[in-house]
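Undergrad: After the structure tokens below, expect a handful of questions from me.
The values are calculated or read from the model by the stated rules, or taken from the named source; none is laboratory data. In this text the structure is predicted, and so the values were computed from the model without any measurement. Here the Cβ positions follow ideal geometry from the backbone for every residue, glycine too, while neighbour counts run over all protein chains shown.
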Amino acid sequence: MVCEKCTKKLSKLATVHVEKSDQTAKRVTNENKLLSSKQKFKPASEQFKKCRICNKMTHHISAYYCQDCSYQKGICPMCGRKQIETAKYRQKMVTEQNGATFAVDVEEIAAGHHVTPVDMTTATSKLQLEVDLEKAKNKQERDEALAKDKTNSARSIINLITEVAKDQLIRYVLTLFDDLLQEDKSRVEIFHDYSRRQKRTIWSWFQGILTRNDSFIVNQMSAIFSKLACYGSVLMDGQELQAYFNFLQQEIKNSSNEYINTSVRCLQMMLRKEKYRRKFVEYDGVKSILLALNGRANFQLQYQLIFCLWCLTFDSNIAQFVQGLGIIQPLGDILSECSKEKVIRIILATFRNLLEKIDNREMVRESALQMVQCKTLKTLELMDAKKFDDPDLVDDIEFLSERLHASVQDLSSFDEYCAEVRSGRLQWSPVHKLEKFWRENAQRFNEKNFELIKILIKILETSSDPLPLSVAAHDIGEYVRHYHRGKTIVEQYQGKQAVMKLLSAEDPNVRYHALLAIQKLMVHNWEYLGKQIEGLEGAKGAAGEEAKEVKTRN
């Protein structure tokens, strides 16, 4: 038994015997009635009183009251009804009498009279739902039942969800509530109107439900939250919206969440509203989507998550922001590996929005370069050879192929290099070892406040992949060799320390390129260094030939 006000647990009542007469009743208590001094909750005051429900004179015995909030819960031992009941709740309840002896235990009385161990309002509300909604066989009958007394229907459902302690009953009511909203979206106005008359929002009633331990209840409540926020004329706002988005982000990032698809479906509904899209980005929600995409998501979850990103790209400002967060790389990887048409379609639609909706030409050009860097153009060529029945998908393939081919024609070697570095996926592409490239473009590494140098150093500090580490160390050395102030700039941004740490790396190629970069940072005589590098490379080649010869002999 739980106190309804402070939620502290109440002790059970002792068994009490009541002998009924015409005007008075004698009370005989058993030996277990007295409470020990250690117990938190004590019996409330007792007096003879006539029950307003059964109209019988009896000794009125209250449930234990809570010392924290002084809340009392009076129960009539004759009829099992709560004494604060009013006339409109006087439905006849099933009673059981055993002579003149009654067990005045709050939970036992509730069970014996088919009443939940909470405020009797919840019991009568359940009866009202059973009569008006459970017996309705179709939508028309349910509409008629709700139309009879909309206020009472809204109050009954809210009371059952917020006041009932048993999870099984809450699951039933939440399922009924969700079905009602799913069947007719306009029904959300019944609950918004009721909450407006109570001078509060509908979501304020249910905030605590999202923190319960039962995962089914939590996710069913989340689904109802999104319907109430999207189906009606009243939009969620302020702290309630922020709390709900934070809840969804935690659910999406939790890889062990068995209801993760339900959580993402709620987010899909929310992001169809322009106001919610802006707030979701403001609350840093895009990262939770990318984190879930980088996990082991099945194709259905991939589709739902990418659908959320697609919704965000319809707004020009938001599209620019999410593009800067690096959404193109993971989408490009999924596109090259996935065979599900629905996933392919939503990725291409997202890419198209990034090229069409963004007003900044430089940003559009950068988006196209990143798509090319992710091998999207080759994937589109393979798709073009297939036959798709969806005309929108065919149109997106043609549009993206045309735009990406146009961007490739204008692509310089430096643009290609920049796109590769910004993607963080460095490879031994031809530009890295072209003497002409470094001679012509070394000074351009200083543009945008040394953006490329900072990215290369960050890769050296954070990456664990031997290939990007080797390429980044090589490029730092080439920059220092071809730009006269390169050594000072690299040291200024802690690049020298990052390279020196790689001298103890496990991978031999990483150690090799880190050693060359350190030599370029330390030596000023580049002609001498060139001979040293040639000697190292020659020794490495000779060692390789010798190893092959030994292997052949064996």
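Undergrad: So which residues in region 160-180 are surrounded by 14 or more Cβ atoms within 10 Å (Cβ to Cβ) and either over 15 Å from F206 (Cα atoms) or not assigned by TED's automatic domain parsing to the domain that holds D214 (or both), if there are any at all?
TA: Answer for region 160-180, where residues must be surrounded by 14 or more Cβ atoms within 10 Å (Cβ to Cβ) and either over 15 Å from F206 (Cα atoms) or not assigned by TED's automatic domain parsing to the domain that holds D214 (or both): L169, Y172, L176, L180.
Undergrad: I'd like the full set of residues that are under 25 Å from Q427 (Cα atoms) and not in a helix (DSSP H, G or I), limited to region 370-408.
TA: Once the filter is applied, which keeps residues that are under 25 Å from Q427 (Cα atoms) and not in a helix (DSSP H, G or I), region 370-408 yields C374, K375.
Undergrad: Let me ask something else about it. Just one of the numbered conditions (1) of a type in the set (S, T, Y); (2) modelled with pLDDT under 90; (3) part of a helix (DSSP H, G or I) is not true of S339; which one?
TA: Status for S339: all satisfied but (3).
Undergrad: Can you find a residue in region 393-411 that is surrounded by 12 or more Cβ atoms within 10 Å (Cβ to Cβ), under 15 Å from P468 (Cα atoms) and not acidic (D, E)?
TA: Looking for residues that are surrounded by 12 or more Cβ atoms within 10 Å (Cβ to Cβ), under 15 Å from P468 (Cα atoms) and not acidic (D, E), one finds none in region 393-411, hence no.
Undergrad: If I filter region 129-159 down to residues being β-branched (V, I, T) and surrounded by fewer than 16 Cβ atoms within 10 Å (Cβ to Cβ), which single residue comes out as modelled with the highest pLDDT?
TA: Filtering first and then ranking leaves T151.
Undergrad: What are the pairs, 6+ residues apart or on separate chains, where a residue within region 403-424 that is touching a residue at least 24 places away in the same chain (Cβ under 8 Å) and under 17 Å from F445 (Cβ atoms) has its Cβ under 6 Å from a residue that is of a type in the set (F, W, Y) and in a helix (DSSP H, G or I)?
TA: Filtered contacts from region 403-424: S413/F437.
Undergrad: I need the helices (runs of 4 or more DSSP H) fully contained in region 409-488, keeping only those with at least 3 residues that are over 41 Å from the mean Cα position of the chain (by Cα) and among the charged types (D, E, K, R).
TA: The qualifying helices (runs of 4 or more DSSP H) are 435-441.
Undergrad: Determine whether R272 is at pLDDT 90 or above, outside the structural domain of G324 (by TED's automatic domain parsing), farther than 30 Å from D149 by Cβ and part of a helix (DSSP H, G or I).
TA: no
Undergrad: Identify the residue in region 275-288 that is assigned to a loop (DSSP other than H, G, I, E, B) and touching a helix residue (DSSP H, G or I) at 6+ places or on another chain (Cβ under 6 Å) and, among all such residues, is surrounded by the fewest Cβ atoms within 10 Å (Cβ to Cβ).
TA: Y283
One line per residue, one yes/no per condition, for (1) in the same structural domain as Q443 (by TED's automatic domain parsing); (2) without any contact (Cβ under 8 Å) to a residue 24 or more places away in the chain; (3) surrounded by 15 or more Cβ atoms within 10 Å (Cβ to Cβ); (4) out of contact with any Phe, Trp or Tyr (no Cβ under 8 Å at 6 or more places or on another chain):
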residue	(1), (2), (3), (4)
H484	yes, yes, no, yes
K496	yes, no, yes, yes
V499	yes, no, yes, yes
L503	yes, yes, no, yes
E506	yes, yes, no, yes
R511	yes, yes, yes, yes
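Undergrad: Right, M383: surrounded by 15 or more Cβ atoms within 10 Å (Cβ to Cβ), touching a Gly at 6+ places or on another chain (Cβ under 7 Å), modelled with pLDDT of 85 or more and not assigned by TED's automatic domain parsing to the domain that holds Q302 or not?
TA: No: the conditions fail for M383.
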